[in-house]
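Below: the structure, in structure tokens.
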Amino acid sequence: MKRSLLKHAAGVLLMAVLALPAQAQQDYSTTYSNGKVLIEQERYDKAMAELLPITQAGPKNQYAPEASYLYAIAALKANKMPEARRMLQQLQGQHPNWPNQPEASYLLANVLFEQGEYEQALAELSSLRSAKLQADAENLKRHYLMRITDRETFEQLLQRYPDDKAVAQTYADKLLAGWYRPEDRTTLESIVSKHRLDRNRYLSANAMRKQAYNVAALMPFQLDQDLGQAARKNQFATDLFAGMKMAQDSLKRQGININLYAYDAGTDTTAVKRILETSELKSMDLVIGPVYRSSAKIAARFASQNNVNVVNPLTQDLEVAADNANIFLFESSVATQARQAATYAYHTFEPKTAVILYEDNKDDIAFSQHYREQFLKLGGKIAAFKKINSTQSSATATVFKDLKLENVGHLAVFSDQMTAAANTVSTLQSRAATLPLVTFEKWLGIGQLTLRQLDDLEIYFVNPKFIDQMSSAARHFRKRYAARYNMPPSQYAYAGFEMMYYFGTLLQNYGPRFNLALGSEGLRPGVFYKGIGYTDRAALNEVRRDNQYIPITKLENLQLTVVNPIF
């Protein structure tokens with residue numbers, strides 16, 4: 001789970017014990033501090049190289065155990081499991097009395113899980129004698145045990161660790177999610193009784209394997225209005241649902257049966273509340289919608305009270321999810337988009353210095369702040385961070401005129417207003433045509449900008465819904481969609497398909513209570529989107545349950561192409 005590691009802080013490292021060169025009066029403290037900073041900046045290979053020399057035990061090296069531990073953290077995050085494992089084993093052997101050995105054992109278990117050594121990882125955690133780590137250890141076990149897809153492998157673990165509640169409960173969850181057979185009833189009853197699990201959850205008739213999953217789509221179809229007017233205003237809802245229907249067909253061909261029910265949720269809270277109060281909604285395996293923020297609290301309350309997972313298909317506002325374990329966002333949040341874009345910019349552009357301009361509104365202010373924080377965290381510098389108001393054209397022009405762009409690695413402009421876009425293009429054309437620009441893909445819809453103007457500049461767009469229209473999947477979908485609906489698919493149709501296909505697969509693999517499984521799913525390629533998955537909450541704190549992948553697209557030769565997709 002390369003997640004909550006830094007909070008267990010201390011330090012460790014790897015390699016054979018080599019005598020340090022007699023010459024250097026090495027500043028252990030400085031080296032150790034540099035290694036910590038490099039880890040915080042997510043420069044894990046450099047952190048390993050920095051820390052390695054001070055991981056060797058010696059009478060004058062008080063930092064050896066801490067440096068070894070931090071080295072192992074860096075190795076784990078760099079996906080170098082053998083190095084992390086050897087270093088942690090070295091730490092246990094050379095410093096058995098180090099006070100933070102429980103943290104080292106926890107980390108070693110994490111590495112062993114990553115290597116697929118489940119029995120050894122469980123053995124390591126079973127020897128843990130730290131009350132403060134017990135909850136984390138249980139979560140770590142659940143996280144990796146959910147990844148096991150081979151029933152025989154899991155049954156061997158259950159036989160080896162019959163008293164481990166995490167092993168037993170996860171096995172029970174997997175029985176309900178698809179492994180269950182009539183002959184498993186005795187085993188399931190034994191697990192529930194021995195570990196005092198919720199009998200209603202695990203042994204009720206509804207808990208058994210389903211032949212099909214019921215999904216409710218609460219969309220603002222507004223069928224009570226004039227058909228022509230409603231169609232124009234709410235085409236996005238119709239397109240979303242059409243894409244979901246296409247995914248339903250694709251899933252069926254794979255043996256995954258989804259019963260998809262449409263509800264007209266309107267545009268106010270009254271209709272939403274009335275629908276959610278019905279008994280049929282409470283028995284659904286998944287609810288998609290409502291889409292408007294005004295109904296978010298009602299949907300959140302319904303999800304918590306009935307333990308039904310609810311997906312908001314369109315919002316980018318994390319407050320909609322809050323701390324509700326049953327609410328999920330399908331769109332990338334503003335915070336995730338900004339941080340991923342900043343990470344991409346830091347690793348792509350030289351020098352590591354940015355100028356950031358942003359529009360004076362809530363979303364753009366939030367985007368720019370998250371972008372700035374992430375760029376600084378990685379080690380970059382911000383030469384200018386300025387707010388603009390595109391309604392004040394002369395003041396906006398002055399801001400651009402006064403920009404100092406010398407020795408700057410890139411310019412970031414977070415505004416979708418024509419005034420800001422026109423000033424940006426004009427400034428770059430006249431002063432720095434080769435300076436990379438990061439901005440929103442909405443600029444492509446600004447009529448005052450020509451493709452020739454944009455093509456002459458090096459522009460990178462933050463584009464969460466980018467779809468490679470030349471891919472075989474997109475071409476096949478367009479053909480099927482047009483044959484069925486007699487029109488080309490919109491971006492909402494693609495999103496509806498991707499969303500239903502993703503959550504339909506989760507239902508099949510893990511059942512309606514797929515919450516625990518999302519952490520182990522990680523990021524994976526979607527049908528159209530390059531990566532979909534559960535956000536790493538430890539890494540991004542308040543960012544939770546949203547589609548984490550944000551493509552950066554670059555305009556080249558009048559075509560949009562994905563440039564180094566970031567995760």
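The values are calculated or read from the model by the stated rules, or taken from the named source; none is laboratory data. The model shown is predicted, which means the values in this text are computed figures rather than measured ones. For neighbour counting, all protein chains shown are included, and Cβ atoms are generated from backbone atoms with ideal geometry for every residue, glycine included. Remember, those area values only see protein heavy atoms, side chains included, never the ligands or the DNA or RNA. Shrake-Rupley method; radii C 1.70, N 1.55, O 1.52, S 1.80 Å.
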HN-Hα J couplings of segment 255-270 from phi, Karplus 6.51/-1.76/1.60, θ = phi - 60°, integer Hz, Gly and Pro as x? x, 9, 9, 10, 8, 9, 10, 9, 10, 7, 8, x, 10, 10, 6, 4
Normalising by the residue count of the chain, find the relative contact order in percent from Cα pairs under 8 Å and 6+ residues apart. 12 percent
Distance in Å, no decimals, from the C-alpha centre of segment 145-202 to the one of segment 389-419 is 59 Å
Phi-derived 3J(HN,Hα) across segment 463-472 with the Karplus relation (6.51, -1.76, 1.60, θ = phi - 60°), rounded Hz, x for Gly and Pro, is 9, x, 10, 5, 10, 6, 5, 8, 5, 5
Show the residues, 5+ positions off or on another chain, whose built amide H is closer than 5 Å to the amide H of residue 257. 213
Dipole of the chain (Lys/Arg Cβ +1, Asp/Glu Cβ -1, origin at the Cα centre): which of 379, 87, 171 lies farthest to the positive side? 171
Percent antiparallel among DSSP beta bridges (both partners in the chain, rounded to 5): 20 percent
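Would you mind calculating the relative contact order of segment 331-377 from Cα pairs under 8 angstrom and at least 6 residues apart, reporting the percent as a whole number?
56 percent
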Debye log10 I(q)/I(0) for segment 297-351, one point scatterer per Cα, at q = 0.18, 0.21 Å⁻¹: -0.62, -0.74
Could you give the accessible area per residue of the chain, probe 1.4 Å, as a whole number in Å²? 45 Å²
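Could you list the square roots of 5 times each eigenvalue of the Cα gyration tensor of segment 366-473, that is, the equivalent ellipsoid semi-axes, sorted largest first and rounded to whole Å? Present the calculation step by step, with values, prior to reporting the outcome.
Numbers: eigenvalues 101, 72, 41 Å².
Each semi-axis is √(5λ); the values are 22, 19, 14 Å.
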Determine the sum of side-chain charges near residue 173: Lys and Arg each +1, Asp and Glu each -1, restricted to other residues whose C-beta is under 10 angstrom from that of residue 173. +4
Span from the segment 272-351 Cα centroid across to the segment 55-104 one, whole angstrom: 40 Å
Could you check the simple spin-label distance between residue 468 and residue 123, using points 7 Å along Cα→Cβ, in nm with one decimal? 4.4 nm
Residues whose modelled amide H sits under 5 Å from the amide H of residue 382, counting only those 5 or more places away in sequence or on another chain, are 354
Unit charges on C-beta of K, R, D, E only; dipole of the chain, Debye: 540 debye
If packing is taken as the average count of other Cβ atoms within 10 Å, what order do 353-366, 252-265 fall into, highest mean first? 353-366, 252-265
Quick one: Debye curve from the alpha-carbon atoms of segment 80-146 only, equal weights, vacuum; give me log10 I(q)/I(0) at q = 0.13, 0.16, 0.17 Å⁻¹ to two decimals. -0.32, -0.49, -0.55
Using θ = phi - 60° and the Karplus relation 6.51 cos²θ - 1.76 cosθ + 1.60, list the HN-Hα couplings for segment 353-359 in order, rounded to whole Hz, with x at every Gly or Pro. 10, 10, 10, 10, 10, 8, 6
Residue 249/residue 278 FRET efficiency (R0 41 Å; Cβ-Cβ; nearest 0.05): 0.95
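At 0.36 nm per residue, and after removing the present C-alpha to C-alpha distance, how many nm does the segment from residue 97 to residue 46 gain when stretched out fully?
Once the chain is fully extended between residue 97 and residue 46, it gains 15.5 nm.
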Of all the Cα-Cα pairs you can form in segment 275-315, what percent are over 15 Å apart? 30 percent
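Find out how many positive minus negative residues lie around residue 425, taking Lys and Arg as positive, Asp and Glu as negative, among other residues whose Cβ is under 13 Å from that of residue 425.
-1
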In nm, the gap between the two label points placed 7 Å beyond Cα toward Cβ at residue 407 and residue 363 is 3.7 nm
Where Lys and Arg each count +1 and Asp and Glu each count -1, what net charge lies around residue 383 among other residues with Cβ under 15 Å from its Cβ? +3
If I take R0 = 41 Å and measure r between the Cβ atoms of residue 448 and residue 475 in this structure, what FRET efficiency does the formula 1/(1 + (r/R0)^6) give, to the nearest 0.05? 0.80
Can you compute the modelled spin-label distance between residue 130 and residue 79, with each label point 7 Å from Cα toward Cβ, in nm? 2.7 nm
What's the extension gain from residue 235 to residue 509 if we count 0.36 nm per residue and subtract their Cα-Cα distance? 95.4 nm
